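Structure record follows, encoded as structure tokens.
The values are calculated or read from the model by the stated rules, or taken from the named source; none is laboratory data. Worth saying up front: this structure is predicted, and the values here are computed from it rather than measured. Counting neighbours? That spans all protein chains shown, and the Cβs are built from the backbone with ideal geometry, glycine included. In case anyone asks, the SASA skips ligands and DNA or RNA and just uses the protein heavy atoms, side chains included. Shrake-Rupley method; radii C 1.70, N 1.55, O 1.52, S 1.80 Å.
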Amino acid sequence: LRCLGTPASSVPVTTFPAWCQLLSQTHAFDIREGPQGSEERSSLFGRLKKKTLDLVGLICKPEINSSTTEGYAALCRIASLFAARALTSGGLGQEVWIPEFDAALVLVERPGSAALRAAEKPPAERLNLVLEPSLVFLQQVTMPAVAFDADLEHRRMEFLSHWAVFYRHYNPDVVGQVLQQLVQVIENPPAKDGIKLQRRALDTLVSLGKHGALRPLQLEALNTECQRLAAKLTPVARGKLVEALAAAVAASPDLEFSRRSQLICMMMDQATAAWRSSDFVQHEGSERLLAVLAAAAMASPNRASSFDEPNIAKLRDMRTLVHAFTGVITKTASASVGPTCSNKDVSGDSGSRIPGASGHSNETGAVRGHIAAQVVQTWAPGIFAFARSLAGIYALPAGSIDASSSILLRSPGITELEHILGRKVEEIAEEYPVGVDGKSVRAARNILWELRIASLGAVRACMTCSNFWQSPETCGWVRSLAEMLPVLQPHFATLLLKEVFLPVFGQPLTGFRELPMQVHGPACEAVVPALVAGIRQLLRKCWRSHTDAKHEELDLAYSTSVVAFSRATGQILAGLCGNGMPWAGQLSHPERRLFLRTVAPRTAPPPSAAATPAPAGKKRKNRSKNSFAALADDADETMEVSTGGVDTTQPEPEPRSPVGASAYVIRSREMREAVRLALAELLLLPEKETVIFALLGLHVWSTQLWNSISRGEDPAAVAAGVKPDHLPEAGELLHAASDALRVLPSGVLRPATSLAAKPPEVGATESSCNAAPANPSGDALLVAPCSTLVTLVEQTWSSFVSATVLH
């Protein structure tokens, strides 16, 4: 009660009885009134509400000796009276008393869930003390209202969703009554706020399935209802219904895995048929898709709404199908069976090896089965074809773009522009030819951007399914997206890197979690070279090209997207080297290990075996302190090593092997050289975050390369004669290191020291020929940014490279 502030009383109020006596006489407190005090009052009453609910939760905590008429039971009884009065209009004529109904639900929601969690723990006698009054309150809440009100029905369904944790304890008839109300709203939404209520009903259905409230018979019945309702619903509502039911089926523990998988396929039958029959899926190509978009942009301005345009409607249906697929795959992923990851490297086994390294393997490649695997395998070819078509629209040759298509593509949509800049953007004034409606053009641009985002989400959903990678065409599909990078816009390329490639290839610890073991090597060999080459080509184009944008916002958007793409490039390249592993920067110590493995445990010599002093006049020859002097010594002679008080039988643990894509990149000379070249080129860009990622990547690259040589896993070590499952001998280590590390002075040290000695100037033209070796094609990175890009990076870069005065 002290949250209310200081009471208007001359006598100090310090005890609870005094508070009760005061409240029985007056409700006056020192509270600011009027509009100026609204924020203070909201904060004050918010604190009071929180403390009140905490107090109610403590009072309602179930105990073995709790009374059936006090505590939680009394709360449910009082809240039921509030709900009944609200549903019967509360004496306000035909109006429904919404605030009182909401208050009744708020009083019970959180304390009821807390009471149930406490009652579910032993002893079991407490459970009935919570379930019985909760059922009475639930029955009262689900009673129909005298007068329909959309806000009340929305709040009621929110409560039914929050109350889903109770349903598994009740008779199936209780859940059946709730489902009837939800299905009725889904099938026949009211005229007022119908779409809002329909979505709320579908979200409640998802909550019921997630908490295991639906029994097998109810799921079977819902599958039948799904088939019946599909024809009556809009495409968006139909997609949401399929998502909700699929999530409910996937979360049901009482159905066998095969039956759940079958039900999900049946629920997706209509969507799958519509997807496979689409022209955009049957005939891949950016030209066909661009023609439909251009026709939508050139639609007659006499239409009442862009929703009425047939081409826009067709594209919206495609977007809805893609969203439904992504939602189903995402919401059913938790029901997959089998091991999460078959690579022991991720689980922390430092002794595990990667197949193909040193010619041996320790894994059979267990596969984690996705419950919607059949849906993914059916949709995946079309998903990737559709994504390629959308990505290639802006890369079509000039001869295949007519006037209407040129109008459509000359400027991004408003939603696309807001995504790039990360803020609200006003409509950009634009001149259109006579007969062209700007509203139709803007609608076509927005639906194009929405489709591009949706397609990448669907691609990501496919790649999270382990069964997807079992197809022999999978690596080719993913590589085809990487090969399109050079022709993409920088902001869409950034989205492609972050949504598709970074989660799989740029995060060593989690990237290959869903991939079968036997696919790891082929996936890296197919995708990584094309990915790195595409990144380098697009970077060259972005940093030496100038936009001809006629609006300040468009010029700023392009420069912002170039910076964002450069940072995403540095992040994924560093991830390909192993950045993100806790042990990424730990350097192996092969010299200590080379000698310690030959040192046998020694005991202290007996007193009689004291060392004989050298004869007078003779000096004892000192042993060579060269680390590799053992190469010329007698093999039978044991080397004496000073341990400095350290137990030589317990050497320091060596760094673990790299995991994920980095394990294959470091062990492949071609892939690691491509990554190193790309990282060295990033040092020429005058952008702080990009250069930091590049330096971090080169550090990890050098560390992991040395560690690979010291373990005998590098191809140079294998060529030097290192046997599988054996550490290299000193001579083998020398030969392998001299072969693999000869690139460090010119390929890593020179670019890094050049950056420190003479950082690139913002706006100055620099060539990679002066700081890093040219790429195999001879095309050097030329940095000549536009003026807006210079302005964007100039301040942070100057601060980053400026000299620091040390006192």
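Side notes on the structure shown:
- Scanning segment 244-262 turns up one or more residues that are in contact with a Ser or Thr (Cβ under 8 Å, 6 or more places away or on another chain) and in a loop (DSSP other than H, G, I, E, B).
- Those residues of segment 704-740 which are acidic (Asp, Glu) and over 20 Å from Val659 (Cβ atoms), in sequence order: Glu729, Glu732, Asp739
- Look at (1) under 21 Å from Leu58 (Cα atoms); (2) under 41 Å from the mean Cα position of the chain (by Cα) and you find that Glu125 fails only one, number (2).
- Cβ separations smaller than 8 Å between residues 6+ apart or across chains give the following pairs from segment 395-411 residues that are open to solvent by 50 Å² or more (accessible area, probe 1.4 Å) to residues that are among the charged types (D, E, K, R): Ser400/Glu287.
- The criterion of at least 2 residues that are at pLDDT below 85 is met, among helices (runs of 4 or more DSSP H) falling completely within segment 1-118, by 16-25, 38-59.
- Only one of Ile428, Ile447 that is assigned to a loop (DSSP other than H, G, I, E, B) and surrounded by 15 or more Cβ atoms within 10 Å (Cβ to Cβ): Ile428
Residues checked against (1) assigned to a helix (DSSP H, G or I); (2) among the hydroxyl-bearing types (Ser, Thr, Tyr); (3) at pLDDT below 95; (4) surrounded by fewer than 24 Cβ atoms within 10 Å (Cβ to Cβ):
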residue: Leu509; (1), (2), (3), (4): no, no, yes, yes
residue: Pro529; (1), (2), (3), (4): yes, no, no, yes
residue: Lys541; (1), (2), (3), (4): yes, no, yes, yes
residue: Leu554; (1), (2), (3), (4): yes, no, yes, yes
residue: Gln571; (1), (2), (3), (4): yes, no, no, yes
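- Applying the condition of being in a loop (DSSP other than H, G, I, E, B) and at pLDDT 55 or above to segment 318-345 and asking which residue is nearest to the chain's Cα centre (by Cα) yields Thr332.
- Taking the numbered list (1) surrounded by fewer than 21 Cβ atoms within 10 Å (Cβ to Cβ); (2) out of contact with any strand residue (DSSP E or B) (no Cβ under 8 Å at 6 or more places or on another chain) in turn, Phe257 passes all entries but (2).
- Exactly one residue among Leu131, Leu160 is modelled with pLDDT of 90 or more, open to solvent by less than 40 Å² (accessible area, probe 1.4 Å), farther than 27 Å from Trp97 by Cβ and not small (Gly, Ala, Ser), and that residue is Leu131.
- Close contacts from segment 164-187, counting a first residue that is farther than 21 Å from Leu131 by Cβ and a second that is at pLDDT below 90 and open to solvent by 60 Å² or more (accessible area, probe 1.4 Å), with Cβ to Cβ under 7 Å and a gap of 6+ residues or different chains, come to Glu187/Lys232.
- The one condition from (1) farther than 26 Å from Pro381 by Cα; (2) open to solvent by less than 20 Å² (accessible area, probe 1.4 Å); (3) at pLDDT 55 or above that Asn302 does not meet is (2).
- Of the set (1) modelled with pLDDT under 90; (2) surrounded by fewer than 16 Cβ atoms within 10 Å (Cβ to Cβ), all apply to Pro189 but (2).
- Any hit, segment 481-492, residues being among the β-branched types (Val, Ile, Thr), touching a Gly at 6+ places or on another chain (Cβ under 9 Å) and either part of a helix (DSSP H, G or I) or at pLDDT 95 or above (or both): yes
- Look at (1) open to solvent by less than 50 Å² (accessible area, probe 1.4 Å); (2) closer than 24 Å to Pro99 by Cβ; (3) out of contact with any Asp or Glu (no Cβ under 9 Å at 6 or more places or on another chain) and you find that Leu182 fails only one, number (2).
- As for segment 270-283, it holds at least one residue that is loosely packed, with under 13 Cβ neighbours inside 10 Å and of a type in the set (S, T, N, Q).
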